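The values are calculated or read from the model by the stated rules, or taken from the named source; none is laboratory data. Please read these numbers as outputs of a predicted model, since none were measured by experiment. FYI the Cβ positions are ideal-geometry reconstructions off the backbone, even for glycines, and counts take in every protein chain you see.
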Amino acid sequence: MPSPIRVLMTGDDLLEPASRILDPIGAVIETMSGPIDPARMIATLSAKPFDAILVRANPPLGAAVLDAAGPSLRLISKMGAGVDSVDLAAATERSITVMTAGDANADATAEMAIALILAIRRDVVRLDARLKAGLWDRGRYTAIELRGQTLGIVGLGRIGRRVGEMARALGMRVIASGRPGAAASAFAGISTVPLDQLLAESDIVSLHCPMDASNRGFFNRAAIARMKPGALLVNTARGGLLDEADVAEALASGRLGGAALDTLAAEPPKPDNPLLTAPNTIITPHIAAETAATMERIAVMGAENVVNWFVRHEVIVDRVVNRAVLPKLKGVSLL
């Protein structure tokens, strides 16, 4: 009797939908809840062998963690799109496949980006606070509408494309660029331009690129200096893309007209983070993708990737009594 596939799942909030996919192949799932640091990952992976890690909430998966897992670990399946917490080079060296559920959160994150664009452009939060403080601004306040404004999208992947579609429906001109040093692919109705041109022409810049060593902190004083005075920044990608001190300084001086951020470099933020007191700034707690439908999708897609990989590699064919219970295999994102 072959041993079952052993899956380590970081976080237990999505165990039920993941189990629906993994139980039929006889997988054994062990969950880790609460804060997870490298030392805890190393201890857990050293204690017993795991064939796959089903990743939720971005625990650190660097070279030392992967070494602790040993040769049994063959797959890391992300329940989401970002892989900045995974050392991809170390995984490749150890023949560990990394897969994502990139399609699962695109719509929800794009909706949140548009919500933040509307909120910061139309002063929703500030006007709400002023009214509740007894101030009535009607008659002396004039807004700027989105129609005719230029939205610059940095990173034209699944989420960036959806944001572009929605923005065009609102009458915006949309331009896009890839991450620094990379070209963006053309997409219907969206012009692709160099990053410097995007910064110079955009009334609002919205970040949707993955983060790695090549672009960490790229949105800094130099990038802001290339933007229109008073332009707005929206970030629903990764907080580490920003030099937060430079962004806070630009907000305080008015060089940046405002910022709407769903992610920060350190989460939750420390009390001395300068963005917490920066003017005309909206910050939400990294919840762009946190809808009920998205959570279901990322768990199912992440678990389907596990099944898909082990079926492709003929590891579990003989372990499944009824092949009809296997989820329909879908196209997956291989890194």
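Return a yes/no flag: does segment 178-200 have any residue that is modelled with pLDDT under 95, charged (D, E, K, R) and in a helix (DSSP H, G or I). So far as segment 178-200 goes, no, none of its residues is modelled with pLDDT under 95, charged (D, E, K, R) and in a helix (DSSP H, G or I). Among the residues examined, Ile36 qualifies as part of a loop (DSSP other than H, G, I, E, B), closer than 22 Å to Glu267 by Cβ and of a type in the set (Val, Ile, Thr). Arg238 passes every criterion in (1) farther than 24 Å from Ala81 by Cα; (2) of a type in the set (Lys, Arg); (3) touching a residue at least 40 places away in the same chain (Cβ under 8 Å) apart from (1).
Of the residues that make up segment 251-268, is at least one modelled with pLDDT under 95 and not aliphatic (A, V, I, L, M)? Looking through segment 251-268, at least one residue is modelled with pLDDT under 95 and not aliphatic (A, V, I, L, M). Quick check, is Ala299 surrounded by 22 or more Cβ atoms within 10 Å (Cβ to Cβ) and either over 16 Å from Ala113 (Cα atoms) or among the hydroxyl-bearing types (Ser, Thr, Tyr) (or both)? Yes: the conditions hold for Ala299. Output the residues belonging to segment 243-268 that are within 23 Å of Asp84 (Cβ to Cβ), part of a loop (DSSP other than H, G, I, E, B) and either outside the structural domain of Val124 (by TED's automatic domain parsing) or of a type outside the set (Asp, Glu) (or both). Listed by number, the residues that qualify are Thr263, Leu264, Ala265, Ala266, Pro268. For segment 269-312, the set of residues classified as in a loop (DSSP other than H, G, I, E, B) and either within 21 Å of Gly11 (Cα to Cα) or free of Cβ contacts under 8 Å to residues at least 24 places away in the same chain (or both) consists of Pro269, Lys270, Pro271, Asp272, Pro285, His286, Ile287, Ala288, Ala289, Glu290, Thr291, listed by residue number. Would you be able to say whether some residue in segment 122-134 is under 19 Å from Leu261 (Cβ atoms), crowded, with 16+ Cβ neighbours inside 10 Å and not aliphatic (A, V, I, L, M)? Yes, segment 122-134 has at least one match.
For segment 195-228, which residues satisfy the criterion of being under 19 Å from Arg147 (Cα atoms) and of a type outside the set (A, V, I, L, M)? Of everything in segment 195-228, those that are under 19 Å from Arg147 (Cα atoms) and of a type outside the set (A, V, I, L, M) turn out to be Glu201, Ser202, Asp203, Ser206, Lys228. Kindly indicate whether Ala89 is more than 26 Å from Gly62 (Cα to Cα), without any contact (Cβ under 8 Å) to a residue 12 or more places away in the chain and in a helix (DSSP H, G or I). No, not satisfied. Every test in (1) assigned by TED's automatic domain parsing to the domain that holds Trp309; (2) modelled with pLDDT of 95 or more; (3) surrounded by 14 or more Cβ atoms within 10 Å (Cβ to Cβ) is passed by Ser72 save one, and that test is (3).
Here is a yes/no grid of residues against (1) at pLDDT 95 or above; (2) of a type in the set (Ser, Thr, Tyr); (3) in the same structural domain as Val174 (by TED's automatic domain parsing):
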| residue | (1), (2), (3) |
| --- | --- |
| Pro59 | no, no, no |
| Ser77 | yes, yes, no |
| Ser85 | no, yes, no |
| Ala110 | yes, no, yes |
| Leu118 | yes, no, yes |
| Lys132 | yes, no, yes |
| Gly148 | yes, no, yes |
| Leu151 | yes, no, yes |
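For segment 251-271, the tally of residues that are surrounded by fewer than 16 Cβ atoms within 10 Å (Cβ to Cβ) and farther than 23 Å from Asn58 by Cβ stands at 3. For Ser253, the conditions (1) out of contact with any His (no Cβ under 6 Å at 6 or more places or on another chain); (2) in contact (Cβ under 8 Å) with a residue 12 or more places away in the chain all hold with the exception of (2).
Here Asp13 clears all of (1) outside any helix (DSSP H, G or I); (2) free of Cβ contacts under 8 Å to residues at least 60 places away in the same chain except the condition numbered (2).
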